[in-house]
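Accompanying notes for the structure given below.
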Amino acid sequence: MAGFDLDRALAEMNDQGFTVIPDFMDAATLAEVRAGLEPFLGAHLGRNAFEGFSTERVYTLVARGGVFERLTEEPRLMEILSRVLLPDFLLTASQAISIRPGETAQSLHTDDGFYRLPRPRPAVSYSIIAAVDPFTAENGATEVIPGSHRWGDPGAPGRLATHAEMEPLLVPMEIPAGAAVVFPGTLVHRGGANRTDRPRLAFTNQYCQPWARTQENFYLGVPREQVRAMSPRLQTLLGYGLHPTFMGMVSSVHPLKALEPGWVPPVVAQRPDRF
């Protein structure tokens, strides 16, 4: 952590569309991540070509153990995000991804493409992909197109129109286990094909502006008693905060009230027939 250069990381994301934190996880953390994932792997293969029919995914990863809570609010990552997103930004997606042997490459995409705002534009979300196994060109490393975060909409100047035109521009993110790639949601990328005989394990968290709708509904996905025990930062990331002045309120009160033991929603507490 001592060698982390925030300004350089921000400049790299601005110039090429991504930056790498080479020591995002140390050996002990990697071992903890593997142990934490082991009970959940094997339960959810992809349901379509985008998820990957030979790819395992573990959703709502932030709630799967203490190590995932810590990595979700990793200090260097929070420094980066605090410079590119508004205060009280949110966690929008959190999942582990194991690309099995024989998996084909994903379609090219951007992580915030479902926010239907004209491009070129600032990113609404930012993603981190952390390597639990080393990423290689052969085992399904994330592939990116440097500079594509600045492209316009399809057909606009500066945007290539077809996958065939874009594929030669792809660069595999060949990084060691423990490293992580951070990039804006406007960057064109994909999960690569796994042409080896071993799975490639990683996890990804995505974070979005506090005014944007999140991909995962953490209010329903993470029990309130579990959120109650999390750090204040994680509680905010999961939506238990306010974006000035009242976005996120619960019947006019702060959403943290909903974490108090015995809390009853006002729509229930104020019912005339309750007593």
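The values are calculated or read from the model by the stated rules, or taken from the named source; none is laboratory data. Computed from a prediction, not measured in an experiment: that's the story for all the values here. Calculation scope for accessible area: heavy atoms of the full protein, side chains included, ligands and nucleic acids excluded. Shrake-Rupley method; radii C 1.70, N 1.55, O 1.52, S 1.80 Å.
What is the distance in Å between the Cα centres of the stretch 96-136 and the stretch 200-214? The distance from the Cα centre of the stretch 96-136 to that of the stretch 200-214 comes to 10 Å.
With springs only between Cα atoms under 10 Å, which of P39, P210, P122 fluctuates most in a Gaussian network model of the chain? Highest fluctuation among the options: P39. Between 0 and 90 degrees, the angle of helix 27-37 with respect to the longest Cα principal axis of the chain falls at about 70 degrees. Counting only alpha carbon atoms, the long axis of helix 75-84 and the longest principal axis of the chain meet at about 90°.
In the context of the full set of protein chains, the stretch 185-275 has a per residue accessible area of 56 Å² (1.4 Å probe).
Would you mind telling me which residue in A141, A229, A28 has the biggest mean-square fluctuation in a Gaussian network model of the chain, where springs connect alpha carbons within a distance under 10 angstrom? Looking only at A141, A229, A28, the largest GNM fluctuation is found for A28. Taking the chain as a Gaussian network, where each spring joins two C-alpha atoms under 10 Å apart, which residue of W211, W263, W151 fluctuates the most? In the Gaussian network model the winner is W263. Here the chain exposes an accessible surface that is 57 percent carbon and sulfur, computed with a 1.4 Å probe and the other protein chains kept in place.
Axis of helix 6-16 versus longest Cα principal axis of the chain: the two differ by about 60°, to the nearest ten degrees.
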